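The values are calculated or read from the model by the stated rules, or taken from the named source; none is laboratory data. Keep in mind that what you see is a predicted model, and the values were worked out from it rather than measured. Neighbour counts run over all protein chains shown; Cβ positions are idealised from the backbone, glycine included.
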Amino acid sequence: MKTFLSAGCAALEQGKTLLYPTDTIWGIGCDATQPDAVSKVYELKQRSDSKALICLVSDLEMLEKLTGALDDNIKALATSVKPTTIIYPKVVGLAENLTASDGSVGIRIVQDEFCKKLINSFGRPIVSTSANISGNESPKSFSEIDKPILDGVDYVVTLRTEEIRTSPSTLIFVEKDGTFKTLRA
């Protein structure tokens with residue numbers, strides 16, 4: 001795993017894209033603070049940048065640097081054992097082209113050991129979007145990843161390539177007043 005961590009970190013630091021296993025499905029990632037890197041992900045997915053991408057953080061401390069202090073209910077949801085992506089109404093410190101037109105962005109505290117170590121080593125949030133061309137079905141395994149994605153990313157983390165992953169994260173939207181609603185369980 002050390003080789004994948006150091007190579008993945010190097011790719012992220014150089015503004016490159018990577019393909020990696022997450023706690024849900026295979027993802028395409030990059031430095032979530034660098035607009036040029038985020039643009040590469042949109043281009044690779046053939047996706048309009050008007051559709052926001054999510055990002056992953058390693059822990060609650062990293063999350064609150066982006067969102068500001070969170071109330072206990074949101075903290076409990078964000079740190080849930082089940083992978084939970086929360087769409088926050090306003091964040092700071094991320095690439096502008098990562099956020100939706102209203103300034104919101106989906107962020108998940110990652111549960112996966114490799115991802116957590118990668119983000120901790122890198123020291124910044126990373127993009128995580130499904131490893132497919134926009135409009136195509138999300139791959140459930142490494143073998144289902146579209147060839148243009150495999151050929152287009154700068155670095156591939158070939159860990160756990162035999163695993164089948166079918167569960168997306170729970171998706172929750174936080175309103176500006178702090179109330180929230182579940183969009184996907």
Count of residues meeting criterion [touching a residue at least 40 places away in the same chain (Cβ under 8 Å), out of contact with any Gly (no Cβ under 8 Å at 6 or more places or on another chain) and of a type in the set (S, T, N, Q)] in region 122-140: 3
Qualifying residue in region 97-120 (condition: at pLDDT 95 or above and surrounded by fewer than 18 Cβ atoms within 10 Å (Cβ to Cβ)): yes
In region 126-135, residue nearest to GLN46 (Cα to Cα) [restricted to those that are within 15 Å of the chain's Cα centre (by Cα) and hydrophobic (A, V, I, L, M, F, W, C)]: ALA131
Of all residues making up region 136-162, the number that are in a loop (DSSP other than H, G, I, E, B), over 18 Å from the mean Cα position of the chain (by Cα) and exposed (fewer than 12 other Cβ atoms within 10 Å of the Cβ): 1
Of all residues in region 92-112 being closer than 16 Å to SER58 by Cβ and free of Cβ contacts under 8 Å to residues at least 60 places away in the same chain, the one that is farthest from the chain's Cα centre (by Cα): ILE109
Some residue of region 84-97 being among the acidic types (Asp, Glu), outside any loop (DSSP other than H, G, I, E, B) and within 24 Å of VAL157 (Cα to Cα): no
Which numbered condition SER167 misses (of (1) part of a loop (DSSP other than H, G, I, E, B); (2) surrounded by 19 or more Cβ atoms within 10 Å (Cβ to Cβ); (3) among the polar types (S, T, N, Q)): (2)
Residue in region 2-10 that is in contact with a Pro (Cβ under 7 Å, 6 or more places away or on another chain) and either closer than 19 Å to SER104 by Cα or touching a residue at least 40 places away in the same chain (Cβ under 8 Å) (or both) present: no
Residue in region 63-86 that is within 25 Å of PRO35 (Cβ to Cβ), surrounded by 16 or more Cβ atoms within 10 Å (Cβ to Cβ), more than 15 Å from the chain's Cα centre (by Cα) and not aromatic (Phe, Trp, Tyr) present: yes
